[in-house]
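Written out below as structure tokens is the structure these notes cover.
None of the figures in this text is laboratory data; all of them are computed from the coordinates on show. Since the structure is predicted, the reported quantities are computational estimates derived from the model, not experimental observations. Glycine gets a Cβ as well: all are built from the backbone with ideal geometry, and neighbour counts include every protein chain shown.
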Amino acid sequence: MAPRTASFKLVLLGESAVGKSSLVLRFVRSATEVRDEFSDFRESTIAAFLTQTVPLDDSTNIKFEIWDTVGAGQERYKSLAPIYFRNANAAVIVYDITQPPEASFDKAKSWVRELQRQADPNIVIMLVGNKSDLKASRKVPRELGEQFAKDEELLFTEASAKTGDGVDDLFMSIGEFVVCPK
Ligand code: GDP
């Protein structure tokens, strides 16, 4: 029997330059099915849309529909974000471990609050501390992310879009969680 394909919508959130696009590109790099439907509008649009289909097991494929913000100023992004995460099944909220907490970790926390207020109550949220290859420049202790995620019942990981460390795992564990909730 042909495998079924379970699709879901995933949005990327976080301050600019934390590595959101790099994480997505790292994940879809090997994909045969990459679409960048809005590339003509990169300057003016809020999001780029890509899809990636990955087998979960013999009977199921997971189709990720990934929305990454592009070219939108922070203010515009903030006001449009609720439209962007409406109907999202999952959100990946990224911060940069090499910046002081107030630069992007605190912003990640406020995105969590925003989702708790405005997104689907069943949304699966993964908090990601990116740039784990730069441990020598670490400014956000791993425990800070871990504890916040535990308190708020989020999935959590650190990853590096540069080396690829943790990247496939993070997308696949969200996929599994959305498709086969425990
Ligand atoms: P975005 O604005 O959040 O989408 O961030 P980008 O993906 O554009 O990345 C911002 C900058 O950080 C770029 O110069 C990337 O090359 C760099 N970067 C992204 N991820 C990593 C990482 O894991 N490690 C290192 N060392 N640099 C990274």
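If I take R0 = 45 Å and measure r between the Cβ atoms of Asn87 and Ala136 in this structure, what FRET efficiency does the formula 1/(1 + (r/R0)^6) give, to the nearest 0.05? Provide the component values of the computation, followed by the final result.
Values: r = 41 Å, r/R0 = 0.90.
Computed FRET efficiency for Asn87 and Ala136 comes out at 0.65.
By its C-alpha gyration tensor, with a ≥ b ≥ c as the square roots of the eigenvalues, how is region 106-182 shaped: rounded for a/c under 1.5, else prolate for a/b larger than b/c, else oblate?
oblate
How far apart, in nanometres, would the label points at Ala103 and Glu153 be if each is projected 7 angstrom from Cα along the Cα-to-Cβ direction?
Computed distance between label sites Ala103 and Glu153 equals 3.4 nm.
Of the options Ala136, Gln116, Ile97, report the single residue whose Cα projects farthest towards the positive end of the charge dipole of region 81-163 (beta-carbon charges: Lys, Arg +1; Asp, Glu -1).
The residue sitting farthest along the positive end of the dipole is Ala136.
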